[in-house]
Amino acid sequence: MEERLKKIKLLILDVDGVLTDGRIIFDSNGVESKFFNVKDGHGIKMLQRSGIEVGIISGRESQVVYNRAVELGIGQVYQKSLDKLVPYRQMLEATGLSDEQVAFMGDDVIDIPLLKRVGFAAAPADAVQEVFPFAHFVARNRGGWGAVRELCDLILKAQGTWESVTSRYYV
């Protein structure tokens, strides 16, 4: 597992069920809300500080996701992607990376083709059972409750950048 993690240059995340707990809330005016975990966001920022890019590929489209991506400085955001391999190939082309340099966290059957292709496949604890055979890592936490942070920390520690990225907090 550590050898796979050392090669990672790009982390791609699904949204519903990974960055969120999977709930989609609409108010009486049809305004959508999602709940994101601040620890996941901080993990993403630390990965970015270590030089690892982060992207999003989601099957749904939501302005809330765009807003969160902008807040986190995530430039590669693909939504309404029912075949996630299409934007994945575009991301590889844009970055010049190979499969083995990419990690992906997904939680449902729509994510299996991408989980099978990337160098490091991960899933939150509450992913559907069909996903687990394709994951190199299953987080202890559920989607939207710190699963992404676990993966970010794992990558940073495997690559030996945890201390340099977190040193400012121990001053």
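The values are calculated or read from the model by the stated rules, or taken from the named source; none is laboratory data. Quantities reported herein were computed from a predicted structural model and do not represent experimental measurements. Virtual Cβ from ideal backbone geometry, glycine too; neighbours counted across all protein chains shown. The accessibility values were calculated without ligands, DNA or RNA, using every heavy atom of the protein model including side chains. Shrake-Rupley method; radii C 1.70, N 1.55, O 1.52, S 1.80 Å.
Some notes on this structure:
- Percent carbon-and-sulfur accessible area, the chain, ignoring ligands, DNA and RNA, probe 1.4 Å: 51
- Over the chain, relative contact order from alpha-carbon pairs under 8 Å, at least 6 apart, %: 29
- Counted by Cβ distance under 15 Å from ILE24, the other residues give a net charge of -3, where Lys and Arg count +1 and Asp and Glu count -1.
- Ranking LEU19, GLY143, ALA94 by how far each Cα lies toward the positive end of the dipole of the chain (charges on Cβ) leaves ALA94 at the top.
- Around the amide H of GLN76, modelled in the peptide plane, lie the amide H atoms of ILE56, all under 5 Å away and 5 or more residues distant in sequence or on another chain.
- Estimated [θ] at 222 nm from DSSP helical runs (n ≥ 4, -39500 (n - 2.57)) normalised by residues in the chain, nearest 500: -10000 deg cm²/dmol
- Rounded to the nearest 20 debye, the dipole size of the range 64-171 about its Cα centre is 160 debye, using +1 on the Cβ of Lys and Arg and -1 on the Cβ of Asp and Glu.
- Amide proton proximity set for LYS9, modelled H, under 5 Å, gap of 5+: VAL102, ALA103
- Contact order, relative form, for the range 98-163: 25 percent (alpha carbon pairs under 8 Å, 6 or more residues apart, mean separation divided by residue count).
- Calculated log₁₀ intensity ratio I(q)/I(0) where the Debye formula runs over C-alpha points of the chain, q = 0.14, 0.15, 0.16 Å⁻¹: -0.66, -0.76, -0.88
- About its Cα centre, the dipole of the range 4-121 is roughly 480 debye, where the only charges are +1 on Lys and Arg Cβ and -1 on Asp and Glu Cβ.
- Cβ-based net charge around THR95, under 9 Å, with every Lys or Arg adding one and every Asp or Glu removing one: -1
- FRET efficiency for ARG60 and TYR170, using Cβ-Cβ distance with R0 set to 45 Å, rounded to 0.05: 0.70
- Nearest-0.05 FRET efficiency for ARG49 and GLU100, computed from C-beta distance (R0 35 Å): 0.95
- DSSP-defined beta bridges in the range 1-157 - what % are antiparallel, rounded to 5: 10
- Residue-normalised accessible area of the chain, expressed per residue, 1.4 Å probe, Å²: 49
- For the range 43-138: relative contact order, % (alpha-carbon pairs under 8 angstrom, 6 or more apart): 19
- Using θ = phi - 60° and Karplus 6.51 cos²θ - 1.76 cosθ + 1.60, couplings along the range 104-112 (whole Hz; Gly, Pro as x): 9, 10, x, 10, 9, 4, 4, 8, 4
- Taking every alpha-carbon pair in the range 1-89 and binning the separations at 5 Å intervals from zero gives 3, 12, 23, 24, 19, 12, 4, 2, 1, 0 percent.
- Near-label residues of the range 125-157 by backbone N, under 13 Å of a point 7 Å along Cα→Cβ of ARG23: 144-145
- Candidate lysines - alpha carbon under 22 Å from LYS45, same-chain residues fewer than 8 apart omitted: LYS6, LYS7, LYS9, LYS34, LYS157
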